[in-house]
Amino acid sequence: MCTETMSFLMGVSGILLGGLPLTAVIIFLVKKTTENAIKHTFDQHIEKLKSSLKKSETFFSLQLEALTKLRRIFRHLLPKQSHPDEDIGDAYEYMSSFFSSHLDDLDEFLCKYQDILPNRVVVKLEEAISLATEGSFQADEHFSGGFTLEEKRKFLAKRWETQKTFYQAIKTAVSTLQSEVKSQIGSRDKATGV
């Protein structure tokens, strides 16, 4: 190589090597700034996830509590068998004698849990409340003079249907809420590893 080329290369390498510390500092600063920005963004994302998880846990706990209370209300609907030959008609008759207390229980339940219940559950419970209201009026009616046998039969058939529909509305609400809660916890087999 010629001397001029060699001098030129030595000069360029001197400039490059002399500028190396400055370039290294700039690269280091860019790297640190980028790392800090990424870490900050990551930390913010983690905090949002933690907050979301906490809200989900609270929501789940409230729905599980609501399910437990709704099951208790439903179980109180079930009549205690008073004799071995008792049929379903006797059971519905028993249920109708407590329509007003069922109405109070359901109303109190909805006041406390309506905001966390799936809409399908709220609709069924409101239907049950309406039926309990109707049923409590039916229970107040008496068969005093003026009713024909046919009118009494129609009245009893209507009351029977109200009681049956009331029971089914509550049963559907419980089943729907149970499915909702179960979908949040997954299968027991997955949770236990079985």
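Any read-out appearing in this document is the output of simple, stated calculations on the displayed coordinates, not a laboratory observation. Note that the structure is predicted; figures quoted are calculated from it, not measured. Don't worry about glycine lacking a Cβ; one is built from the backbone with ideal geometry, like all the others, and counts go over all protein chains shown.
What is the distance, in nm, between label points placed 7 Å from the Cα along the Cα-to-Cβ direction at residue 185 and at residue 36?
Placing both labels 7 Å beyond Cα along the Cβ direction yields 4.7 nm.
Say each of residue 45 and residue 120 gets a label point 7 Å from the Cα, pointing the same way as Cα to Cβ; how far apart are those two points in nm?
So the two model labels end up 3.4 nm from each other.
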